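The structure under discussion appears below in the form of structure tokens.
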Amino acid sequence: MTAQTAPARPAVIDPRGARFTASVTAVLLLVDVALGLVGGVAATLAERAVQPAFLLLVVLAAVFVWSAAAGVARNPWSVLFRRAIRPRLAPPAELEDAAPPTFAQGVGALVTVVGAVLHLAGVPYGLVGAAAAAFVAAFLNAAFGYCLGCRLYLLLVRGGLIRKRASTA
């Protein structure tokens, strides 16, 4: 007789942490847009690769990639929220599935990586456009709790284009 195992519970997160993470990300993306606008157009690949806007976008892309791969609860802003802010708050009224925000981090990774590649390729304002698009998504989540990447995830699951997955928080 084999023992039956219970299905794995989906990972859950505190939605306030997701909004905090989006707030930090939005501020950094807004700084990146400003740096990209005042940085001018660099002539050589080497000059483009050391521009502050590019370096910040690479850091943000790395955080997005890390969050998408390891789970949203493991990104630096989530760790800061969990250790420094959440202990000072009342318990959350409800928790949310971590899979949609994790997918949204993957979308953020895609957008920022494309922006970095466009910048290195010399496309004028490719970095600024990508950072601005990511900023809009982060701002909507931070200010209104509306996660564009989460909505995209749910649409793709409903449409049968991707399967709902168990996430790692």
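Every read-out reported here was derived from the displayed coordinates using simple, explicitly stated rules and does not represent laboratory data. What you are looking at is a predicted structure, and each value in this text was computed from that prediction instead of being measured. Positions of Cβ are backbone-derived with ideal geometry, glycine not excepted, and every protein chain shown enters the neighbour counts.
Take the Cβ atoms of Leu89 and Leu30, set R0 to 25 Å, and the FRET efficiency comes out at 0.50. Checking (1) 9.7; (2) 12.8; (3) 19.5 against mean projected area of the Cα convex hull in nm² calculated from these atoms, the matching label is (2). Ordering Val50, Asn141, Thr102 by Cα displacement along the dipole of the chain toward the positive end leaves Thr102 in first place; charges were set at the Cβ atoms of Lys, Arg (+1) and Asp, Glu (-1).
Extension gain for Leu154-Glu47 works out to 34.4 nm (0.36 nm per residue, less the C-alpha to C-alpha distance).
Where the only charges are on Cβ atoms (+1 Lys, Arg; -1 Asp, Glu), what is the dipole of the chain about its Cα centre, to the nearest 20 debye?
Dipole magnitude for the chain comes out near 500 debye.
Highest average first, the peptides 77-86, 112-121, 128-137 ordered by how many other beta carbon atoms sit within 10 Å of their residues are 128-137, 112-121, 77-86.
222 nm [θ] for the chain, helices only, -39500 (n - 2.57) per DSSP H run of 4+, per residue, to 500?
About -20500 deg cm²/dmol.
Between 0 and 90 degrees, the angle of helix 148-158 with respect to the longest Cα principal axis of the chain falls at about 50 degrees. When both the stretch 132-147 and the stretch 46-100 are represented by their alpha-carbon centers, they are found 14 Å apart. Label-point separation (nm) for Ala69 and Ile162, each offset 7 Å from Cα along Cα-to-Cβ? In this crude spin-label approximation the distance works out to 1.7 nm.
Ordering Leu155, Val59, Gly129 by the projection of their Cα atoms onto the charge dipole of the chain, which places +1 on the Cβ of Lys and Arg and -1 on the Cβ of Asp and Glu, puts Leu155 at the extreme positive end. Given their separation in residues at 0.36 nm each and the Cα-Cα distance between them, Val59 and Leu120 gain 20.5 nm when the chain is fully extended.
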